[in-house]
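Read-outs throughout are calculated quantities, based only on the coordinates presented, and are distinct from any laboratory measurement. Worth saying up front: this structure is predicted, and the values here are computed from it rather than measured. Ideal geometry is used to build each Cβ from the backbone, glycine not excepted, and the neighbour counts take in all protein chains shown.
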Amino acid sequence: KAGVTQTPRYLIKTRGQQVTLSCSPISGHRSVSWYQQTPGQGLQFLFEYFSETQRNKGNFPGRFSGRQFSNSRSEMNVSTLELGDSALYLCASSLVSVAGLETQYFGPGTRLLVL
Amino acid sequence: KQEVTQIPAALSVPEGENLVLNCSFTDSAIYNLQWFRQDPGKGLTSLLLIQSSQREQTSGRLNASLDKSSGRSTLYIAASQPGDSATYLCAVSVNNQGGKLIFGQGTELSVKP
């Protein structure tokens with residue numbers, strides 16, 4: 001069974017640009033979550049999508065947005081990039097079953113560098 | 001607001017030693033707690049998941065315990081090996097939908113041959 005895949009793996013952008021990252025969950029997984037990881041703040045939750053609907057949201061500005069497609073693939077978009085957006089963006093998928101039992105499976109991440 | 005703390009931030013041990021990593025959380029209203037491993041520049045690998053109703057989980061040389069009332073979890077690694085060198089993260093699930101995890105800052109473990 002293929003794991004969670006993320007594309008692209010590396011990205012360099014300049015301030016003010018926008019970027020779109022993609023995540024393909026494990027087959028059959030309907031929940032996709034996004035996290036930002038930086039050396040200073042650690043891993044922070046961005047948002048979660050389930051059945052094409054945003055189900056949970058973290059404390060990030062509106063420049064960060066996402067969506068999920070009918071095949072459960074998800075994209076996140078960051079508009080008007082700032083230097084502080086440089087980070088490793090991780091996507092995780094889970095098989096929604098019984099509450100409290102969902103193991104999160106993480107992808108390798110997309111490393112974004114904003115210059 | 002749920003906060004997760006991991007102590008120590010870094011740990012260096014000789015090969016073969018048994019060790020304990022600590023995780024504490026401020027709000028006992030969690031649905032589960034997970035321990036992850038992260039190798040440099042890589043994604044996270046799930047090691048163990050403990051449901052809120054459970055006290056411990058074991059997988060090979062790893063044993064994780066959970067004490068919800070005191071807001072603590074420990075990850076015990078037996079007979080450590082150089083291949084165990086990585087950053088270990090604990091995370092709590094704060095709602096019954098599972099998709100939102102609150103992470104600690106991690107413990108960077110180095111096992112010397």
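What ranking of B:3, A:102 emerges when the number of other C-beta atoms within 10 Å of each C-beta is taken as an exposure proxy, fewest first?
Numbers: B:3 12, A:102 25.
Arranged by neighbour count, lowest to highest, B:3, A:102 become B:3, A:102.
Run through every distinct alpha carbon pair of chain A and return the Kirkwood hydrodynamic radius in angstroms, one decimal place. All intermediate terms of the calculation are to be shown ahead of the outcome.
Working: mean 1/r = 0.0707 Å⁻¹.
This gives a value of 14.1 Å.
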The stretch B:32-88 and the stretch A:59-76: distance between their alpha carbon centers, rounded to Å: 29
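Got a sec? How would B:89, B:49, B:11 order by Cβ neighbour count within 10 Å, fewest to most? It would help to have the intermediate numbers written out before the result.
Working: B:89 26, B:49 21, B:11 16.
Taking fewest neighbouring Cβ atoms as first place, the list is B:11, B:49, B:89.
What whole-number volume per residue, in cubic angstrom, does the convex hull of the C-alpha atoms of chain B give?
93
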Karplus (6.51, -1.76, 1.60) ³J(HN,Hα), θ = phi - 60°, over the stretch B:52-66, in Hz, Gly and Pro reported as x: 4, 8, 9, 9, 7, 9, 10, 8, x, 7, 9, 9, 10, 10, 9
Kirkwood-type radius of the protein assembly as shown, with distances r between different C-alpha atoms, in Å: 18.0
